[in-house]
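> Okay, here's the structure, questions in a sec.
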Amino acid sequence: MKAHWLWLSLLLCITACKTTHTQDASLYSRIGGKEVLYKISAQTLDIVATNPATKRSFDGIKMPALKQSLADFLCVKTGGDCVYEGETMKNSHADLHITTAEFELMVQALRDTLDANHIGTREKNELLKILAPMKRDVVAK
């Protein structure tokens, strides 16, 4: 009987430790780190850069540099140990005259990419919550 309680206590401790670790893990870690963030960035930008409704904003843009910059930005915003050296959202989008419709297409492309890469609902919602306030800096007034 004593051994039974010992095993039960050990199992509860392991479960509690694992649950606590998962809950405390950064969004960056839960998404999958730099490699996954780069993949998500690249796939999302590939979608919007070829969509007739949004591609005008990417004319003349060096896509490899933009993909890396977006991945670094997302890394920082999700709690990763990265450095983002790009412009602010406001400065980088100032002359692009992004419409609400274009912004919403970008968000949908990001959602689709997150789903395609099997990012969990919790992580997807956390990321979108972090990015949502940036709409005011991206969409032209």
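Bear in mind that the values in this text are calculations on the coordinates, not laboratory data. Being a predicted model, the structure only gives us computed values, none of them experimental.
> Would you kindly calculate the mean projected area, averaged across all directions, of the convex hull enclosing the Cα atoms of the stretch 26-138, in square nanometres?
Computed as one quarter of the Cα hull surface, the answer is 6.4 nm².
> Taking Cα atoms of the stretch 26-88, Rg/Rh with Kirkwood Rh, to two decimals?
1.01
> For each pair in K34/K124; K55/K90; K67/K90; K34/K67, compute the distance between the two Cα atoms and list the pairs where it is over 21 Å.
Violating the 21 Å Cα-Cα cut-off are zero pairs.
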